[in-house]
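Heads up, the thing below is written out as structure tokens.
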Amino acid sequence: MILYVTRMFGVTAGYHRYFSHRSYKTSRVFQLLLALLAMSSAQRGVLWWAAHHRHHHRFSDTPWDVHSPIRGGFWHAHVLWILDANNDPTDLSRVRDLVRFPELLWLN
């Protein structure tokens, strides 16, 4: 239970709020710790996740939305989209603000 809560904190505070939306500022060391914590959830790399989530917000509930429940249903929206080979590439142009950190590139 503790690992689940810790990893979900990494996904919510790290992948979602910090890396995708840049909702708050933090130090570079804590940024790295957030990336490592989020990646322990096995939801791919930090740049991959942020790039796809930013794309999702840009194209929400359209045919280009990578994890819309309208497009593929509940399971696709929450799990299966991560496993879809069409979503493998990381479009670094969507995360230009994060690419400048070599440690994040390496982790990705």
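Return yes when Arg44 is on the phi > 0 side of the Ramachandran plot, out of contact with any helix residue (DSSP H, G or I) (no Cβ under 6 Å at 6 or more places or on another chain) and surrounded by 17 or more Cβ atoms within 10 Å (Cβ to Cβ) and no when it is not. Yes: the conditions hold for Arg44. Only one of the numbered conditions (1) among the basic types (Lys, Arg); (2) surrounded by fewer than 16 Cβ atoms within 10 Å (Cβ to Cβ); (3) modelled with pLDDT under 90 is violated by Lys25, and that is (3).
Residues in the stretch 41-59 that are modelled with pLDDT under 90 and in contact with a Lys or Arg (Cβ under 7 Å, 6 or more places away or on another chain): Ser41 alone.
Tallying residues that are under 18 Å from Val11 (Cβ atoms), part of a loop (DSSP other than H, G, I, E, B) and not hydroxyl-bearing (Ser, Thr, Tyr) within the stretch 52-93 yields 2. Among the residues of the stretch 63-95, those identified as charged (D, E, K, R) and either closer than 16 Å to Gly45 by Cβ or in contact (Cβ under 8 Å) with a residue 12 or more places away in the chain (or both) are Asp84, Asp88, Asp91, Arg94. Looking at this structure, is Ala42 among the small types (Gly, Ala, Ser) and either in contact (Cβ under 8 Å) with a residue 12 or more places away in the chain or assigned to a loop (DSSP other than H, G, I, E, B) (or both)? Yes: the conditions hold for Ala42. Exactly one residue out of Arg17, Arg44 is in contact with a Ser or Thr (Cβ under 6 Å, 6 or more places away or on another chain), within 22 Å of Tyr4 (Cα to Cα) and not aliphatic (A, V, I, L, M): that is Arg17.
The values are calculated or read from the model by the stated rules, or taken from the named source; none is laboratory data. Remember, predicted model here, so these are calculated numbers, not experimental data. All Cβ positions, even for glycine, are placed from backbone atoms using ideal geometry, and neighbour counts span all protein chains on display.
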